[in-house]
1. Please enumerate the residues belonging to segment 279-338 that are out of contact with any strand residue (DSSP E or B) (no Cβ under 9 Å at 6 or more places or on another chain), modelled with pLDDT of 80 or more, surrounded by 16 or more Cβ atoms within 10 Å (Cβ to Cβ) and not in a helix (DSSP H, G or I).
2. Only one of LEU231, LEU169, LEU221, LEU162 is more than 13 Å from TYR284 (Cα to Cα) and not assigned by TED's automatic domain parsing to the domain that holds PRO25. Can you tell me which?
3. Could you list, in sequence order, the residues of segment 1-23 that are of a type outside the set (A, V, I, L, M) and open to solvent by 50 Å² or more (accessible area, probe 1.4 Å)?
4. Hey, can you tell me all the residues within segment 186-201 that are in contact (Cβ under 8 Å) with a residue 60 or more places away in the chain and closer than 26 Å to LEU288 by Cα?
5. Restricting to segment 556-610, count the residues that are acidic (Asp, Glu), over 21 Å from the mean Cα position of the chain (by Cα) and surrounded by 15 or more Cβ atoms within 10 Å (Cβ to Cβ).
6. Determine whether segment 33-48 contains at least one residue that is more than 14 Å from ligand 1 (Cβ to nearest atom) and either open to solvent by less than 10 Å² (accessible area, probe 1.4 Å) or touching a Gly at 6+ places or on another chain (Cβ under 8 Å) (or both).
7. Filter segment 151-169 for residues that are open to solvent by less than 70 Å² (accessible area, probe 1.4 Å), assigned to a helix (DSSP H, G or I) and either closer than 25 Å to ASP61 by Cα or among the aliphatic types (A, V, I, L, M) (or both) and give the result.
8. Let me confirm something: among THR601, THR608, which residue is closer than 30 Å to GLU505 by Cα and either of a type in the set (Ser, Thr, Tyr) or in a strand (DSSP E or B) (or both)?
Amino acid sequence: MADIIQLLPDHVANQIAAGEVVQRPASVVKELLENAIDAGSTFIKLIIKDAGKTLIQIIDDGKGMSTTDARLSFERHATSKIRSAEDLFSLNTKGFRGEALASIAAIAHVELKTKQEQDELGTQIEIEGSEIKSQEVVVTPKGTSIAVKHLFFNIPARRNFLKSNNVELRHIIDEFHRVSLAHPDISFTMFHNGSESFNLPKSNYRQRIVNIFGGKTNEKLVPVEEETEVLKVSGFVGKPEFSRKTRTEQFFFVNNRFIKSAYLNHAINAAFEGLMKDGSHPSYFLNLTVDPKTIDINIHPTKTEIKFDDEHTLYAILRSSVKHSLGQFNIAPVLDFDRDKNLDTPYDFERKKVSNPTVEVDRSFNPFQEEKSPSKSSSFSMPYKKEPAAQWESLYVGLESKGTKSTQEFREVEFESQPENESLFKENSSIETKQRTYQLHNKYIISTIKSGMLILDQHRAHQRVLYEGLLKHTMRKEAISQQLLFPLQLQFSSSEMELLLRLKEDLEHTGFVFSKFEDTTIEITGVPVNVPESEVSIILEQLISDAEQEVPDSNFSSTDLLAKSLSKSLAIKGGQSLSNMEQEHLVNSLFACKEPSVSPTNRTTFITMSVDDFDKKFM
Ligand code: ADP
Ligand code: MG
């Protein structure tokens, strides 16, 4: 049979990649602003015409590029910011993928002028749809100017998909706010259709916020400062009486990068609990600093989602520090620290009640009686009960059985039907009933398989299981719902309602029952069986934020989006300890899935290591 596979030409590959990086003019603004910051600029000017549809230009006074680099910068995967995969774990630049300029040049007319400090003259390059039109030597000041014209000139479908100028400009301003808030030490100006929209001189953080959001903002800011081993929080929250109907003043920055997190947003809302009117949202401008090793920002091409190693702890710290600030400034009526236990303890300490390990002593044991123990060391061995070497597992018996008892107090019902577990701890020698799975660091589940060992990531595995289940239910439109005792009312902005409305039918197929869905109010009378009522609002917020991230025209499927989002919210997290039964159940459910090897977002769910692999290690 003839060969039919071909490599795509670069300009086609670039155009495809551009779909991920550039969704609208605001995405270009974001990428170019970030490049200017990475270049060490102290002054950055943004010029926009017709909401970016005609022109987006960014002029900076950063380090500029050499002629060779200027040319190279438009190549795919051309970056000066990382050299090896390890660099990804200590990123202090915004960019690192080397895709932005290549993608933008694939779908627009780009004119670049750049000069390095030490050079007499600079370089000018014109490029249209990945094709270099001209390259010249020019007189230009130190720094870089990039003008992007006729965005999507060669993809009419995309161009037609752009929203009205008002909407696109709003998105551009949002990006401008995010970037300029993260960098008060850099001056920014923005011009739209010839008039100045923002002039932000270098300043401190409070001043930057006030310059952007107006003089009246000053009196409403309450400082938040907290430093712990894992997280440093600094910034401001708005006093509750100034809370707003919209969420436009909500900003999280992690290591100077704007991020969206419904989960952390929930932590702030929780801190404001009881202080806010229904349907209003607190303002916040918070900078979180964490060890770059503990986050993964590579999860989404436009990089506003972040994955934290230990979200639960961040949640608790954030919530208590905001609460503390509100209390200190006499805003919260009482400073109470009796919080919802479930949210505060990152690990399920209840189930891990500490108990003294007991050691059983076999007083009749006499080491000298043993025929086969002539070695010197055995004569010095402690008088512990003799254990045959093959049953080393039983070394843990003393510890485990205590643990089980306290576990049982809490989870009586589930363990009643588990005589198997009981016998494990009563009868030392029962190898057949030994534990088949182990949990490592409350994060991975390890199990033996025929060929060796299986290690699965509990969070991702559970996501896969839930995802396939949800898809099945929504497809077949057969979900089981549990009725709430009291209807739950939630408030959303009108744009959020628009999104939710699109997903309403699918939500109903998963088990949600709505008794009201109008203006800015949703009333819920039923939820899917495994969804706790307390989590409904956080789940919907996550869903909205996921829907906002979605590229709307790339074979958008609301069912899939919903299943992905819900499975992410509902899956057991890393840090959660699981009983043996739960561990085994998860392993079995994962392998009953159609596609067990990856999570719904295409990340590895398990790895295996064969006995051969081990043998090699022990060579
Ligand atoms: P990334 O930012 O991920 O490295 P980009 O495609 O955005 O990729 O940029 C490619 C390279 O071009 C950057 O790594 C940088 O070396 C150079 N570059 C882009 N913009 C500027 C700028 N404003 N000033 C100096 N160098 C720049
Ligand atoms: Mg970049």
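1. If the condition is that a residue be out of contact with any strand residue (DSSP E or B) (no Cβ under 9 Å at 6 or more places or on another chain), modelled with pLDDT of 80 or more, surrounded by 16 or more Cβ atoms within 10 Å (Cβ to Cβ) and not in a helix (DSSP H, G or I), then ASP310 is the only one that fits.
2. LEU231
3. Of everything in segment 1-23, those that are of a type outside the set (A, V, I, L, M) and open to solvent by 50 Å² or more (accessible area, probe 1.4 Å) turn out to be ASP3, GLN6, PRO9, ASP10, HIS11, GLN15, GLU20.
4. If the condition is that a residue be in contact (Cβ under 8 Å) with a residue 60 or more places away in the chain and closer than 26 Å to LEU288 by Cα, then ILE186, SER187, PHE188, THR189 are the ones that fit.
5. Residues flagged as acidic (Asp, Glu), over 21 Å from the mean Cα position of the chain (by Cα) and surrounded by 15 or more Cβ atoms within 10 Å (Cβ to Cβ) within segment 556-610 amount to 2.
6. yes
7. VAL167, LEU169
8. Working: THR608 fails: closer than 30 Å to GLU505 by Cα.
Within the list THR601, THR608, the selection yields THR601.
The values are calculated or read from the model by the stated rules, or taken from the named source; none is laboratory data. Keep in mind that this is a model prediction, so the values were computed, not measured. Counting neighbours? That spans all protein chains shown, and the Cβs are built from the backbone with ideal geometry, glycine included. When the accessible area is computed, the model is the full protein with side chains, heavy atoms only, and any ligands, DNA or RNA have been set aside. Shrake-Rupley method; radii C 1.70, N 1.55, O 1.52, S 1.80 Å.
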